[in-house]
Structure formats: structure tokens, C-alpha cells
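What follows is a short report on a single structure.
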């Protein structure tokens, strides 16, 4: 059964650990992440961008697949199905389809419009018992067509969004989607501390979790980050393992063409990546 992300993130913030959001792109990814969460007794958030949702056949297909896997695999840890970087219309469609958590990304609007649209989503979502994530100060890089320049979020604007009753807040602090360049300046912890002070006990979200040094991850968690998004690292590990299998010319029992064989190494790579991140974030045995 899918649950809101609110309770798991409140517990994470109080316990000084973070829940991982791992984006899904197909059945193999979803199954690997759910099994790893169960094996490590960790709460987990499955992230779905609008593009990934479309690729997988639509939001209703994603909800059906996820609910089916949770039942058939006997998954008992808390699982939230979360729209990642959703538009206003996308958020409405995801809620109708049965998502348990919604991110409305209004960071590209002027703050007044961001506040107005975010409040509209909150009112609808909370009436349905769903959690809501908002964003202030766009996250750098590109993810599924959503481009951000990597602004540092203004603490007063974060306060205005937090006061709407949002359940979690993604605030730009120099983090970016994708792989970090060699000249990356690192996370701006002064900005993060100011945001924490301005938003009180609001669970904060760190997008672009791939490639951030472990010490920075730990410091971010100590300053209120309760949810960390990982996508690129899973993509890289899945692609590398699959490529290695194909290039090796393996033909197990004459069935090297079987997609269940071809995707097997990638499946295991996803599990290993997710386990490593859960251990780093401190969410193991927190379900």
C-alpha cells in the first residue's frame, strides 16, 4: 500500500537521517528498489518524472505496476510514489491516477505565482491525504527536459512557501542534476543553514544526490535535509552493467537474447547502488 511521504520524512528529520528518493523508469528499476528497501528495512520514495511516466505508459500504469509489485513481493516497508518536478497540470493528473506524493515545481515562476500555484496543489493534495513538495531556487542542470540554472534559494521566499503548509521543501543550494563538473563549488551550507532557520522543522530536500561527497551529504542531513534524490547514479550503474554483459557476448544457456538475461546485471547493479545510498543516508532499519 502506498503512503504519503510526510510521516517518513518527519521521522527522518527528527532522527537525523534521510530517506532516499530513487527515480524509476521501468519494471526492473521499480522491483530492484522495492526489494532493496525491504531487505534493508528502509522507507523509500519512488520518484517519477512526467517524461518517465509517459514512457512507462502513463501515470495509471505506473500506479498499477507499483501497487502490484508491492503486493506480489510482500513489501511491508513504507513506500511513497512521488511525482518529481511536476507541472501544475501534471500534478493534478498524478493525484487522479493514485500517486501518494506530489512535487509541484513552481521555481521557474515569480515567487508570487509560485506561492499561488503551490497553495492550490497543497489544498487539493492534503484533502486526499497526499504529501506535497515545493521548490524554491531552481536546481542546476537538466532532468527530463526540466532545466535549472542552479540558483541559491532565498531564505525569505522559502519561509513564504513553507508557511503554506507544504510537507517538504527543495531549496537550491548549489546542487545540480546529473554529474557534477570538476569546477563545481560544492554545496552552500551557509544558505542551507539560513533556510533551515527560516523554515523551522520543515523537512528539506536535496536534489542531485549523485556525486556529492559523503561528508557534504552528512552535513546537509545535520542541517535539516530529510530526503535525498538519486537518479543519475542509478542510470550510470544500470547502463554500465548492461553494456558489460552485452559486450562480453554472454549467451547463458543459449538465451543471451532473452531480455530477462540481458537486464539481469543491470537489475543487480541498481540494487547495489540503492543499498549503498540507503546506508550512506542512514535510513537502514528505520522503516
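The values are calculated or read from the model by the stated rules, or taken from the named source; none is laboratory data. Just so it is clear, the structure is predicted and the values come from calculations on it, not from any experiment. In this analysis, Cβ positions are derived from the backbone assuming ideal geometry, glycine residues included, and neighbour counts consider all displayed protein chains.
The table below lists the values:
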read-out: Single residue of region 148-174 satisfying the filter (outside any loop (DSSP other than H, G, I, E, B) and closer than 15 Å to residue 104 by Cα) that is modelled with the lowest pLDDT; value: 148
read-out: Residue that is farthest from the chain's Cα centre (by Cα) [pool: residues in region 74-87 that are in a strand (DSSP E or B) and closer than 23 Å to residue 119 by Cα]; value: 86
read-out: Matching residues in region 175-209 - criterion: being part of a loop (DSSP other than H, G, I, E, B), modelled with pLDDT of 85 or more and farther than 18 Å from residue 226 by Cβ; value: 188
read-out: Any hit, region 253-276, residues being touching a strand residue (DSSP E or B) at 6+ places or on another chain (Cβ under 8 Å), more than 22 Å from residue 43 (Cβ to Cβ) and in a loop (DSSP other than H, G, I, E, B); value: no
read-out: Single condition residue 107 does not satisfy, out of (1) closer than 28 Å to residue 154 by Cβ; (2) assigned to a helix (DSSP H, G or I); value: (2)
read-out: Unique residue being in contact with a strand residue (DSSP E or B) (Cβ under 9 Å, 6 or more places away or on another chain) and either modelled with pLDDT under 95 or under 16 Å from residue 2 (Cβ atoms) (or both) when the list is 120, 141; value: 141
read-out: Filter result (assigned to a strand (DSSP E or B) and touching a helix residue (DSSP H, G or I) at 6+ places or on another chain (Cβ under 6 Å)) within region 15-56; value: 19, 20, 22, 44, 48
read-out: In region 76-108, the residues that are farther than 17 Å from residue 50 by Cβ and surrounded by fewer than 21 Cβ atoms within 10 Å (Cβ to Cβ); value: 76, 77
read-out: Residue within region 39-49 that is within 21 Å of residue 273 (Cβ to Cβ) and surrounded by fewer than 18 Cβ atoms within 10 Å (Cβ to Cβ) present; value: yes
read-out: Near pairs, Cβ below 7 angstrom, 6+ apart or cross-chain, from region 249-272 (within 28 Å of residue 22 (Cα to Cα)) to any residue that is at pLDDT below 70 and in a helix (DSSP H, G or I); value: 261/252
read-out: Neighbours by Cβ (under 9 Å, 6+ apart or cross-chain): first from region 15-26, in contact (Cβ under 8 Å) with a residue 60 or more places away in the chain and at positive phi; second in a loop (DSSP other than H, G, I, E, B) and surrounded by fewer than 24 Cβ atoms within 10 Å (Cβ to Cβ); value: 16/282
read-out: Residue match in region 88-98 (condition: in contact with a strand residue (DSSP E or B) (Cβ under 7 Å, 6 or more places away or on another chain), closer than 18 Å to residue 165 by Cα and outside any helix (DSSP H, G or I)); value: no
read-out: Hits in region 1-14 - residues which are closer than 13 Å to residue 100 by Cβ and not in a loop (DSSP other than H, G, I, E, B); value: 2, 6, 7, 8, 9
read-out: Matching residues in region 57-73 - criterion: being touching a residue at least 12 places away in the same chain (Cβ under 8 Å) and either under 15 Å from the mean Cα position of the chain (by Cα) or not in a helix (DSSP H, G or I) (or both); value: 58, 73
read-out: Test: residue 283 is under 25 Å from residue 30 (Cα atoms), crowded, with 18+ Cβ neighbours inside 10 Å and free of Cβ contacts under 8 Å to residues at least 40 places away in the same chain; value: no
